[in-house]
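See below for the structure under consideration.
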């Protein structure tokens, strides 16, 4: 019967083992997951100007004016 431990000692040991387990899981996760590489900021830009000269000269057209045939009512 000398095997029995105090409840507080068991809880303290459990806290220590839990912290070690968390640390080991973090190490394992770092070893398994690939490192994310960030793209250089210089290549993330987009052109803000129109690509065709005709788009610059023509005024914007409403969606209704583009339709050639009127919609049929149901």
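The values are calculated or read from the model by the stated rules, or taken from the named source; none is laboratory data. This one's a predicted model, so the numbers in the text were calculated from it and none came from an experiment. Note that each Cβ is placed from the backbone with ideal geometry, even for glycine, and that neighbours are counted across all protein chains shown.
Computed values, structure above
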{"item": "Any hit, segment 21-30, residues being at pLDDT below 60 and surrounded by fewer than 10 Cβ atoms within 10 Å (Cβ to Cβ)", "result": "no"}
{"item": "Filter result for residue 45 (assigned to a loop (DSSP other than H, G, I, E, B) and either in contact with a strand residue (DSSP E or B) (Cβ under 6 Å, 6 or more places away or on another chain) or modelled with pLDDT under 60 (or both))", "result": "yes"}
